[in-house]
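Worksheet for the structure shown next.
The values are calculated or read from the model by the stated rules, or taken from the named source; none is laboratory data. All values reported here derive from a predicted model rather than from experimental measurement. Positions of Cβ are generated from backbone atoms using ideal geometry, with glycine treated the same way; all protein chains shown enter the neighbour counts.
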Amino acid sequence: MLADNTCYLELQNILPGRVRSGELMKKHTSWLIGGPADIFAEPASREEMQLTVSYAHERSIPLIIIGAGTNILVSDKGFRGIIIKVGSGLDRISVNDNLITAGAGAKLSRLAAAARDAGLGGFEFLAGIPGTVGGAVVMNAGANGFSVGTLAIEILLLNPDGYFIKKTKDEMKFGYRSSILQDEQTVVMEAVFSCYRRDKEAVREAMAAYIKKRKDTQPLQYPSAGSIFKNPPGDSAGRLIEAAGLKGERVGGAQISMLHANFIVNLGGATACDVLMLIDRARKKVLECFGLELKPEIKVIGCF
């Protein structure tokens, strides 16, 4: 079943004022790319999320959950179904001793700042990283040898039938940019992390160093989705793409960054097809030159 006007009206009763029809997804992605979603919903509580997910599941309507839209490429044609954005109302952060509980919609920058202000170490590497807790847990986001899954101890999830369940760190099966959630139709609602005591000034200095490094090595002046490919064991996707001669390669308004070859930037007016062509070109060229199959970090949404 596709999301139609009847679905739109029924969801308006569940989420009054927080449901839109034909919402352009370029407003909600870090690439500033993406066509219209049939229905775009923004639940403001666990109960609203529960009702919306159950509604879609019971009617077999295609459903996608997004956070800050930092690791997704949405088709220029949009998405035939319901897109739920996890944000305000599901973004609370609380600190209890060395434990931090964060809602799925909480920005990673806020999580890092909350840890810093509480004199807790562990999340310094998140400084300057866009995205939300929910997406970071699903992807086990990380940088500089650290990852979110290392600190997670318990995850609250919502399954498609509308039931809340909890998974331990071991049950999540965190790996390099991966977790069990990538193969399950469940929604991250909240995560509990265990940090450690560290001097606030030391945390502040470490965060400042990470932010400086990102400014020096990443094309932050242009819209992007961060790293396109996972790093192969013992190597760097950016190095391989550059060595294959693709640094600066351009299709339409999209370009493989001149600063970091594992970034594809929107120079202005880039389409999802432009980006996808560059992704495919980089993957094929690296395979041809080095015999390595690069695996994408980003999720492609919609029909191409």
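Just a yes or no: is a residue in the range 17-26 in a strand (DSSP E or B), outside the structural domain of A118 (by TED's automatic domain parsing) and farther than 30 Å from Y222 by Cβ?
yes
Which pairs do you get when a residue that is at pLDDT below 95, found in the range 2-30, comes within reach of a residue that is polar (S, T, N, Q) and assigned to a strand (DSSP E or B), reach meaning Cβ atoms under 6 angstrom, with the pair 6+ apart or on two chains?
Listed pairs, sorted by first residue: Y8/S21.
Can you say whether T217 is at pLDDT below 95 and β-branched (V, I, T), as far as the supplied structure shows?
When the stated conditions are applied, T217 does not pass them.
Restricting attention to the range 288-303, does a residue exist that is within 25 Å of G135 (Cβ to Cβ), among the aliphatic types (A, V, I, L, M) and either touching a Cys at 6+ places or on another chain (Cβ under 9 Å) or in a helix (DSSP H, G or I) (or both)?
Within the range 288-303, none of the residues are within 25 Å of G135 (Cβ to Cβ), among the aliphatic types (A, V, I, L, M) and either touching a Cys at 6+ places or on another chain (Cβ under 9 Å) or in a helix (DSSP H, G or I) (or both).
Could you say whether any residue in the range 87-104 is surrounded by fewer than 23 Cβ atoms within 10 Å (Cβ to Cβ), in a helix (DSSP H, G or I) and not assigned by TED's automatic domain parsing to the domain that holds M25?
Checked the range 87-104: no residue is surrounded by fewer than 23 Cβ atoms within 10 Å (Cβ to Cβ), in a helix (DSSP H, G or I) and not assigned by TED's automatic domain parsing to the domain that holds M25.
Mind checking which residues of the range 277-304 are closer than 12 Å to L73 by Cβ and of a type in the set (A, V, I, L, M)?
M277, L278, I279, I298, V300, I301
For the range 47-81, which positions are among the acidic types (D, E) and touching a residue at least 24 places away in the same chain (Cβ under 8 Å)?
E48, D76 - these are the residues of the range 47-81 that are among the acidic types (D, E) and touching a residue at least 24 places away in the same chain (Cβ under 8 Å).
Any residue at all in the range 36-43 that's assigned to a loop (DSSP other than H, G, I, E, B) and at pLDDT below 95?
Within the range 36-43, not a single residue is assigned to a loop (DSSP other than H, G, I, E, B) and at pLDDT below 95.
On the basis of being within 20 Å of the chain's Cα centre (by Cα) and among the acidic types (D, E), does E297 make the cut? Step through it out loud before you land on a result.
On the way: within 20 Å of the chain's Cα centre (by Cα): yes; among the acidic types (D, E): yes.
Yes; evaluated as a whole, the condition is true for this residue.
Going through the range 233-245 one residue at a time, which ones are part of a loop (DSSP other than H, G, I, E, B), at pLDDT 95 or above and on the phi < 0 side of the Ramachandran plot?
D235, S236, A244
So that you can scan it fast, the table gives a plain yes or no per residue for (1) in a helix (DSSP H, G or I); (2) touching a residue at least 40 places away in the same chain (Cβ under 8 Å); (3) loosely packed, with under 13 Cβ neighbours inside 10 Å:
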residue	(1), (2), (3)
E154	no, no, no
P160	no, yes, no
K167	no, no, no
Q182	yes, yes, no
A191	no, yes, no
A202	yes, yes, no
E205	yes, no, yes
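Quickly run through the range 201-226 and pick out the residues that are within 28 Å of E154 (Cβ to Cβ) and in contact with a strand residue (DSSP E or B) (Cβ under 9 Å, 6 or more places away or on another chain).
A202, V203, A206, Y210
Please specify each residue of the range 250-304 satisfying the condition of being under 13 Å from F229 (Cα atoms) and among the polar types (S, T, N, Q).
N262
Taking into account only those residues within the range 7-23 that are among the small types (G, A, S) and out of contact with any Pro (no Cβ under 8 Å at 6 or more places or on another chain), which is farthest from V86 (Cα to Cα)? Let's see the steps before the verdict.
Residues of the range 7-23 among the small types (G, A, S): 17, 21-22.
When the remaining residues are screened for being out of contact with any Pro (no Cβ under 8 Å at 6 or more places or on another chain), the result is 17, 21.
Working: G17: 15, S21: 17 Å.
So, considering only residues that are among the small types (G, A, S) and out of contact with any Pro (no Cβ under 8 Å at 6 or more places or on another chain), the one farthest from V86 (Cα to Cα) is S21.
Conditions (1) part of a loop (DSSP other than H, G, I, E, B); (2) farther than 23 Å from P36 by Cβ; (3) assigned by TED's automatic domain parsing to the domain that holds G142, marked per residue:
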site	(1), (2), (3)
G226	yes, yes, no
N231	yes, yes, no
K247	yes, yes, no
M258	yes, yes, no
V265	no, yes, no
L276	no, no, no
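Please specify each residue of the range 105-139 satisfying the condition of being in a loop (DSSP other than H, G, I, E, B) and among the aliphatic types (A, V, I, L, M).
Across the range 105-139, the qualifying residues are A106, A118, A127, I129.
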